[in-house]
Every structure is written in C-alpha cells, then in structure tokens.
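Below is one structure; the comments refer to it alone.
The values are calculated or read from the model by the stated rules, or taken from the named source; none is laboratory data. The structure displayed is predicted, hence computed values, not measured ones. No Cβ is skipped: glycine too gets one built from the backbone with ideal geometry, and neighbour counts run over all protein chains shown. These area figures cover heavy atoms from the full protein model, side chains too; ligands, DNA and RNA do not enter into them. Shrake-Rupley method; radii C 1.70, N 1.55, O 1.52, S 1.80 Å.
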Amino acid sequence: MDAVLERFISRLKELVELERKAEIEAMRREMRRLSGREREKLGRAILDLNGKVVGEELGYFLVRYGRDGEIKTEIGVGDLVVISRGDPLRSDLVGTVVEKGKRFITVALETVPEWALKGVRVDLYANDITFRRWLENLENLHESGKKALEFYLGLREPEKGEEVEFVPFDRNLNESQRRAISRALGSPDFFLIHGPFGTGKTRTLAELIRQEVARGHRVLATAESNVAVDNLVEKLVGSDLRIVRVGHPSRVSRALHETTLAYLITQHELYGELRDLRVMAQTLKEKRDTFTRPAPKYRRGLSDREILRLAEKGIGVRGVPARLIREMAEWIRLNERVGKVFEDARRLEERIARDIIERADVLLTTNSSAALEVVDYGEFDVAVIDEASQATIPSVLIPINRAKRFILAGDHKQLPPTILSERAKELSKTLFEGLIERYPWKSEMLTVQYRMNERLMEFPSREFYEGRVVADESVKNITLADLGVGDPEKDGPWKDVLEPENVLVFVDTAALENRFERQRRGSESRENPVEAELVKKAVDGLLEMGVKPEWVGVITPYDDQRDLIGSLLPDGVEVKTVDGYQGREKEAIVLSLVRSNELGEIGFLKDLRRLNVALTRAKRKLILVGDSSTLRTHPTYERLIEFVRKRETTVDAKTLV
C-alpha cells in the first residue's frame with residue numbers, strides 16, 4: 001500500500017477515536033452535570049415513566065412508557081435510549097424508540113427486566129456502534145475502498161466517462177436530471193451528482209437505480225440517515241424491482257415495513273421451520289428454568305461433567321445433596337439442547353436472509369448498517385450514496401468498500417457532518433467535497449428546483465450556485481394565498497410583514513436600543529430576547545391569518561435562542577436550529593439570526609453553508625429577523641440585506657414594537 005495512503009488511513013482512525021470519545025464523554029458529562037429534571041428540560045430525558053409490554057415485533061419486545069403529564073422531548077423515533085431507575089450511567093438497558101405520542105413513547109427492547117416497568121427514566125444515548133463500524137471498515141479496506149481514497153488524495157487519476165443513452169422510466173425528468181443519470185451510467189469508477197435545494201435529488205437517484213438494474217447491475221443504495229433511506233425506498237416501491245431494506249425494523253418508517261429484511265424473512269417458504277425452532281427453543285428454555293441453575297454457590301467448584309457423572313450415580317458430594325446435583329444436571333442437559341436449537345434457528349435464519357439478499361436487485365440501508373454481515377451475502381456492481389456531503393469519509397467508505405464503482409449525491413454548499421471534537425474537525429471535510437474540488441468534470445449539477453417561489457430562490461442561487469438554479473413553472477409564483485390563507489389586518493403595523501404577496505421580508509432591529517444578544521451563564525450559545533418576541537408576534541400573525549401550525553417552521557443558528565423561542569410558541573410550530581433543518585422544508589419559515597452587538601461580531605454565522613440552508617427551507621414565505629448594523633460587517637450578509645431592501649420588503653422593527 002502506498003505510504004501516503006497508509007498514513008491517511010491511520011489519521012482517519014485517530015480522528016474517529018477522538019470523535020467517538022468526544023461524543024460519549026459529552027453525553028456522560030451532561031448526565032453527570034445535569035439533574036434528570038434539567039436534562040428533561042433540554043429534551044434529552046423523560047422522567048417518571050411507567051411501562052407495559054404492548055407487543056412483540058420481529059424479535060423485540062415493544063414497551064410503551066407513559067405518564068399523566070404531556071411529554072415534550074427532542075427524543076424521536078429511531079433514537080437509541082437508555083432505560084434506568086434514576087442513574088443512566090449505571091444502566092446498560094438500551095433500546096430503540098419506535099413510536100412517539102403526546103403522553104407516551106414506545107421503545108423496542110431485547111429483554112424487559114421487571115424493574116424497567118415502574119418509575120423509570122428514559123435518556124437519549126450516544127451510539128458507539130457507528131464508530132466501531134467505521135474503524136472496523138478502515139481496518140479491512142478492499143480494493144474499491146482504497147481506490148476511492150487514492151482518487152481523493154490525487155494518487156490515482158479517474159477515467160473519463162461517456163454519456164449513456166437511456167429511456168427513462170420517469171418521463172417527467174428535466175434535462176439536468178437526465179444528463180446527470182446519463183453521465184453516471186457511463187462512468188467507470190465514480191460520479192458526483194450535485195443536488196442543490198429542492199432539485200429532485202432523490203427522484204434522480206431512484207431513476208438511476210432503476211436504470212442500473214435494467215443493465216443487469218446489482219445496487220447497494222445508502223444514505224447517512226434512516227429518513228433519507230426511507231425516501232429512496234418510497235420512490236422505488238411499486239416499481240418492478242426486488243428491493244430489500246436492511247436495518248433495525250423500528251428505525252424504518254412503518255409504511256415501508258414490508259420492504260424490510262425482517263418482514264421478508266417472515267414471508268419466506270422456510271419461515272415455518274424457523275418459527276417452529278424458535279418455539280421449541282423457548283419451550284425448552286422455560287422447562288430448563290424450572291430446574292436449579294448451577295450457579296457457583298451451588299456447584300462448589302464442580303464442573304458440568306462432574307455434575308452429570310454424579311447425577312448418573314445418584315450421589316451428592318462436597319456438601320451438595322444428591323437432589324440438588326440431579327436438578328443441576330437436568331438444567332445442564334436442557335441448556336445444551338436450548339443452545340443447539342437456538343444455533344439451528346440462527347443458521348436457518350442466516351440461510352433465509354442470504355437467499356433473500358442474493359435474489360435482490362437493490363439493497364437499501366444506512367451507511368453504517370452497510371457494515372452488517374448480511375450485506376456481505378450480496379455482490380454489488382455499484383453503490384449509490386445519498387446525503388454524501390453530510391457523511392464523513394469513514395462513513396461513506398463502508399458502502400463504497402462493498403461495490404465495484406460508486407455514485408455520490410449531495411450538496412457541498414450546504415452543511416457538512418457535525419463534528420464535536422475540536423481535535424477531529426478534519427472529519428468534516430467529506431469525500432464528496434474533496435472529489436468535486438479535485439475533479440469538477442466528474443460531476444453534474446441539477447439546476448431546476450421544485451420547492452420554492454422564484455423570488456425566495458434568487459439570492460441563494462446567485463450567491464452560492466453562480467445563478468444556475470432556476471425555479472420550475474409549478475412553483476415559480478407560489479404564495480401562502482394559494483393555500484387559502486387570508487390577508488393580515490388592513491392597517492395593522494404587521495401588514496407588510498405578513499402580506500402573502502411579500503414572500504421575502506427582513507425585519508430589521510438595528511434601530512432598537514434593546515436589540516443586543518446575550519449569553520447565559522456557563523453557556524457557549526447566544527440568545528436574543530427582542531428577536532424572540534418579534535418571532536412570536538410574526539408566528540401569531542401567520543396563525544391568525546389561517547396558516548396551519550404544521551406549515552410554519554422557526555429556525556435559528558443558536559441552541560439557546562431555539563429554547564427561548566420554543567418556550568414562547570404554541571404547540572405544533574416546529575422550532576429547530578439550522579443544523580436540525582437540513583433536508584427539511586416548510587410553507588413558511590421565520591429565521592432569527594440572533595447576532596447583535598457593538599463590535600459587529602457574527603460568530604459562526606460566518607459559515608455561509610449555514611446561511612444557505614437557512615434561506616432555502618421556505619416554500620412560500622420567508623421572514624428574516626436580524627440586526628443589519630451587525631450583519632453588514634460580512635459581505636454576503638451585506639449583499640443579502642441590500643437584495644431584500646431593493647427587490648423585496650424591509651420593515652423597521654421599531655414600527656412593530
């Protein structure tokens with residue numbers, strides 16, 4: 001192996017270890033530092049829960065935890081959680097959230113000890129498995145994984161591709177989508193599909209996958225998150241492809257359960273045999289547990305073989321009576337049978353899974369779960385990886401390592417992966433970003449967006465994509481008025497802000513004396529009470545006009561501002577940080593920029609990828625709230641403020657308070 005490549009792989013391993021430690025330590029530190037109540041306030045724990053087993057699904061017990069009071073939490077479906085009686089650091093009972101309601105949360109657990117059903121707390125848990133998979137994969141890189149890194153490091157030159165003609169299954173693809181597919185099909189090593197906001201990246205990938213299968217290729221399709229994988233599955237369901245979704249069933253959208261490997265196993269012709277073996281194993285286990293288990297205090301140093309020999313002779317020894325010897329011998333004999341039957345069941349399940357995967361055209365899973373053993377049952381011609389600009393290099397290398405060539409889709413102009421460890425920041429540079437910078441000719445950009453009003457799109461298109469993104473006719477002029485939303489109060493001060501026709505509005509706080517941001521004690525974050533109040537009034541105004549709560553999203557770059565705004569708004573209006581909104585969209589977005597100070601400091605607003613994400617979530621209306629005097633210190637924000645002043649609507653916050 002090339003020395004440069006070897007050094008780079010070693011460095012990646014170091015970075016993964018640093019990030020793993022940082023993530024686990026951050027979680028443990030928070031659990032130590034904060035009381036349960038404080039952690040609950042942050043949305044990362046739920047206290048005073050009682051549970052009951054409400055069913056069994058695909059080998060897991062479903063426990064519904066509830067309480068009288070409403071549950072407000074950041075914990076969501078698919079998250080790993082630890083169940084404890086008060087101290088999460090002393091519990092190893094970990095499960096996956098499968099359902100969430102107003103007063104309950106359902107968790108899938110492998111075992112349910114009695115203590116876990118009364119007076120427990122549920123805490124969000126750091127997931128160590130992902131890091132272990134990254135490291136294991138780096139230890140075992142095949143030719144395809146090494147080749148990808150050689151391209152990235154400039155140690156190997158990629159081949160020129162060609163455009164391949166194809167007849168689309170999806171007749172509504174636009175020109176840039178067709179060209180991206182055509183070039184990806186003709187690329188012998190790798191290809192990059194650059195998909196800015198709302199340009200139909202998932203739709204393009206679904207067509208690409210169908211075209212690859214039509215050419216006799218087997219496809220491994222992955223993404224960083226379960227939600228993105230589900231989106232791909234949804235686009236492929238109903239086609240004539242044999243698709244299999246691999247991963248923990250509780251992390252798969254319920255509507256797509258029938259595509260999961262776990263479900264397909266239950267439909268296999270050999271499943272009856274597997275079920276019988278499991279029932280037999282369970283029956284033997286129950287029978288075994290009616291006898292005395294040979295724990296050290298009973299066996300007094302006797303080996304299994306000695307216990308069986310003594311039982312045959314019907315005698316006791318070392319103060320252990322013959323009756324107890326007989327009991328333990330029966331437990332040992334039954335335990336051997338239990339082990340054998342469970343092993344037979346495991347082998348049969350493996351055989352069934354192998355059969356299903358070998359017959360599949362497309363296997364879909366997260367990057368991390370592509371490390372599962374079952375994925376190795378198949379041979380893959382191509383890996384198609386969505387959200388590639390949000391995945392670290394160790395993450396995307398897992399699917400790449402299992403296929404002969406790869407196609408990455410993403411947008412390096414939006415947010416990179418979040419890295420906690422300051423010392424591991426290099427991990428935020430993605431394979432997608434490195435390859436598109438080094439080989440721009442190996443990429444195609446999708447240029448027609450189907451999300452937002454043309455006027456909302458214009459500034460980000462110009463600023464971040466050389467003005468190449470255009471709006472499709474279907475969304476060009478959409479406003480809230482199309483949804484039956486009424487007009488604001490005729491002569492009210494908020495009229496210009498709320499007017500549906502005013503699709504882009506900047507509420508400028510520069511003239512307010514109390515506009516400045518502040519910091520809570522011990523917090524690195526920022527909050528701005530005046531902006532929070534203005535956001536509340538803007539949201540209230542929208543709701544009064546008939547905008548539904550679920551149509552509105554509030555975004556802010558800072559955690560503390562998110563918490564402050566969240567405490568002021570009614571239920572149903574989603575408040576998240578910019579990072580939490582990547583890949584999402586709403587009819588109307590209110591964005592609080594927070595930074596306001598006499599030094600003109602804008603902190604991490606300087607990361608323009610964050611601004612790009614924030615400006616491209618709204619479909620029909622975007623209200624920006626910020627202090628122009630602080631924001632203007634940065635040329636991009638200066639251009640944004642000028643764009644809105646000249647072309648759209650700017651309102652002095654002084655007229656609103």
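Could you pull the Rg and Dmax for segment 388-485, using just the Cα atoms, both in Å?
Final numbers for Rg and Dmax: 17.3, 52 Å.
Mind grabbing the accessible area of Glu373 for me, 1.4 Å probe, Å², rounded to tens?
130
How much accessible surface does Phe604 have with a 1.4 Å probe, in Å² rounded to 10?
Surface accessible to solvent at Phe604 totals approximately 80 Å².
Based on the Cβ-Cβ distance from Arg85 to Glu437, what FRET efficiency comes out when R0 is 45 Å, to the nearest 0.05?
Numbers: r = 52 Å, r/R0 = 1.15.
That gives a FRET efficiency of 0.30.
Starting from segment 1-73, pick out the GluC sites (Glu not before Pro) whose DSSP state is loop and whose Cβ has at most 12 other Cβ atoms within 10 Å.
Working: sites: Glu6, Glu14, Glu17, Glu19, Glu23, Glu25, Glu30, Glu38, Glu40, Glu56, Glu57, Glu70; in loops: Glu70.
Here the sparse-neighbourhood loop sites are Glu70.
Give me the number: length gained by fully extending Glu336 to Val227, i.e. 0.36 nm times residue separation minus the C-alpha to C-alpha distance, one decimal in nm. Before the final figure, lay out the partial values.
Numbers: separation 109, 0.36 × 109 = 39.24 nm, distance 4.24 nm.
Fully extending the segment from Glu336 to Val227 adds 35.0 nm.
Give the angle, between 0 and 90 degrees and rounded to the nearest 10, that separates the Cα long axis of helix 635-647 from the longest principal axis of the Cα atoms of the chain.
Tilt relative to the chain: about 60 degrees.
For each pair in Lys102/Lys490; Lys72/Lys413; Lys100/Lys619; Lys72/Lys118; Lys72/Lys235; Lys100/Lys429, compute the distance between the two Cα atoms and list the pairs where it is over 30 Å.
On the way: Lys102/Lys490 37 Å; Lys72/Lys413 33 Å; Lys100/Lys619 27 Å; Lys72/Lys118 20 Å; Lys72/Lys235 32 Å; Lys100/Lys429 34 Å.
Exceeds cut-off: Lys102/Lys490; Lys72/Lys413; Lys72/Lys235; Lys100/Lys429.
Tally Lys and Arg at +1 and Asp and Glu at -1 over the other residues with C-beta under 12 Å from the C-beta of Val382: what net charge comes out?
Values: positive: Arg215, Arg218, Arg402, Lys404, Arg405; negative: Asp189, Glu212, Asp361, Glu379, Asp381.
With Lys, Arg at +1 and Asp, Glu at -1, the neighbours total 0.
Leaving ligands, DNA and RNA out of it, rank Asp304, Asp230, Asp48 by accessible area with a 1.4 Å probe, largest first. Mind showing how you got there, number by number?
Values: Asp304 70, Asp230 15, Asp48 90 Å².
So, going from the largest accessible area down, we get Asp48, Asp304, Asp230.
Given R₀ = 35 Å, FRET efficiency for Tyr450-His142 by Cβ-Cβ distance, to 0.05? Present the calculation step by step, with values, prior to reporting the outcome.
On the way: r = 38 Å, r/R0 = 1.09.
Taking R0 as 35 Å, the efficiency between Tyr450 and His142 is 0.40.
I need to check one value: relative contact order of segment 359-465, counting alpha carbon pairs closer than 8 Å and at least 6 residues apart, in percent.
Numbers: 108 pairs, mean separation 24.5, N = 107.
Taking the mean separation of contacting Cα pairs over the length of segment 359-465, I get 23 percent.
Run the numbers for Arg7 and Glu513: contour at 0.36 nm per residue of separation, minus the present Cα-Cα distance, in nm. Could the numbers behind the result be given before it?
Working: separation 506, 0.36 × 506 = 182.16 nm, distance 5.50 nm.
That works out to 176.7 nm of additional length.
Measuring from a point 7 Å past the Cα of Val237 along Cα-to-C-beta, which residues in segment 66-105 have an amide N at less than 18 Å?
Zone members listed by number: 77-78, 98-100.
For Asp276 and Arg423, what is the calculated FRET efficiency with R₀ set at 60 Å and r taken between the beta-carbons, to the nearest 0.05? Mind dumping the intermediate values first?
Numbers: r = 54 Å, r/R0 = 0.89.
It comes out at approximately 0.65.
Placing +1 on the Cβ of each Lys and Arg and -1 on the Cβ of each Asp and Glu in the chain, which of Asn597, Leu15, Thr447 has its Cα farthest towards the positive end of the resulting dipole?
It is Leu15.
Please report the accessible area of Glu162 (heavy atoms, 1.4 Å probe, ligands and nucleic acids excluded) in Å², nearest 10.
Its heavy atoms expose roughly 120 Å² to the probe.
Summing Lys, Arg as +1 and Asp, Glu as -1, what charge do residues with Cβ under 15 Å from the Cβ of Gln211 carry, Gln211 excluded? Numbers along the way, then the final one.
On the way: positive: Arg171, Arg178, Arg179, Arg183, Arg203, Arg210, Arg215, Arg218, Lys235, Arg405; negative: Glu162, Glu163, Glu165, Asp170, Glu207, Glu212, Asp240, Asp361, Asp381, Glu444.
Residues close to Gln211 contribute a combined charge of 0.
Report the equivalent ellipsoid semi-axes for segment 429-471 in whole Å, largest first, defined as the square roots of five times the eigenvalues of the gyration tensor built from alpha carbon atoms.
Working: eigenvalues 117, 21, 17 Å².
In descending order the semi-axes read 24, 10, 9 Å.
Which is farthest toward the positive dipole end of the chain among Leu124, Leu277, Phe61, measuring Cα position about the Cα centre, with Cβ charges +1 (Lys, Arg) and -1 (Asp, Glu)?
Leu277
Compute, for segment 502-589, the length of the dipole vector about the Cα centre, with Cβ point charges of +1 (Lys, Arg) and -1 (Asp, Glu) only. Units Debye, rounded to 20.
On the way: 12 positive and 18 negative charges, 19 e Å.
In debye, rounded to 20, segment 502-589 gives about 100.
Counting only protein heavy atoms and using a 1.4 Å probe, what share of the accessible area of segment 153-273 belongs to carbon plus sulfur, as a whole percent?
Working: 2330 of 5240 Å².
The C+S portion of the solvent-accessible surface of segment 153-273 is 45 percent.
Net charge within 13 Å of Asp170 by Cβ-Cβ distance, Lys/Arg positive one each and Asp/Glu negative one each, not counting Asp170 itself?
Details: positive: Arg171, Arg178, Arg203, Arg210, Lys235; negative: Glu207.
Computed value for this residue: +4.
What is the percent carbon and sulfur in the accessible area of segment 499-657, measuring with a 1.4 Å probe over the protein chains and ignoring ligands? All intermediate terms of the calculation are to be shown ahead of the outcome.
Working: 2900 of 6300 Å².
Percent of accessible area from carbon and sulfur atoms in segment 499-657: 46.
Just the number please: accessible area per residue for segment 182-245, 1.4 Å probe, all protein chains included, in Å².
I get 30 Å² per residue for segment 182-245.
Full extension from Leu483 to Arg346: what is 0.36 nm times the residue separation minus their Cα-Cα distance, to one decimal in nm? Intermediate results must be reported in sequence, preceding the final value.
Details: separation 137, 0.36 × 137 = 49.32 nm, distance 5.40 nm.
Using 0.36 nm per residue and subtracting the Cα-Cα distance, I get 43.9 nm.
In segment 115-214, what trypsin sites (Lys or Arg not before Pro) fall in a loop by DSSP, with at most 13 other Cβ atoms inside 10 Å? Walk me through the numbers on the way to the answer.
Working: sites: Lys118, Arg121, Arg132, Arg133, Lys146, Lys147, Arg156, Lys160, Arg171, Arg178, Arg179, Arg183, Lys201, Arg203, Arg210; in loops: Lys118, Arg156, Lys160, Arg171.
Sparse-neighbourhood loop trypsin sites (Lys or Arg not before Pro): Lys118, Lys160, Arg171.
Taking θ = phi - 60°, what integer Hz values does the Karplus form 6.51 cos²θ - 1.76 cosθ + 1.60 yield along segment 405-413, in sequence order, with x for Gly and Pro?
After applying 6.51 cos²θ - 1.76 cosθ + 1.60, I find 9, 9, 10, 10, 10, x, 8, 6, 8 Hz.
Please compute the modelled spin-label separation between Asp607 and Val54, points set 7 Å along Cα→Cβ, answer in nm with one decimal.
3.7
Considering the values (1) 50, 33, 23; (2) 46, 29, 28; (3) 45, 37, 20, which represents semi-axes √(5λ) of the Cα gyration tensor in Å as calculated for the structure under consideration?
(1)
Distance in nm between label sites at Asp540 and Arg521, each 7 Å beyond Cα in the beta-carbon direction?
So the label points at Asp540 and Arg521 sit 3.1 nm apart.
Give the Rg/Rh ratio for segment 334-409, taking Rg as the radius of gyration of the Cα atoms and Rh as the Kirkwood radius, to two decimals. Numbers along the way, then the final one.
On the way: Rg = 16.1 Å, Rh = 14.1 Å.
With Rh from the inverse mean 1/r over Cα pairs, Rg/Rh is 1.14.
Could you please state how large a percent of the accessible area of segment 4-132 is carbon and sulfur, counting protein chains only and using a 1.4 Å probe? Could the numbers behind the result be given before it?
Details: 3200 of 6810 Å².
Heavy-atom surface of segment 4-132 belonging to carbon and sulfur, 1.4 Å probe: 47 percent.
Quick one: ranking Lys52, Lys586, Lys429, Lys490 by accessible area, 1.4 Å probe, largest first, what do you get?
Working: Lys52 130, Lys586 30, Lys429 70, Lys490 160 Å².
Final ranking, largest accessible area leading: Lys490, Lys52, Lys429, Lys586.
Can you put His217, His634, His142 in order of accessible area, largest first, using a 1.4 Å probe? The partial results should precede the final answer.
Details: His217 60, His634 30, His142 95 Å².
Most to least solvent-accessible, the answer reads His142, His217, His634.
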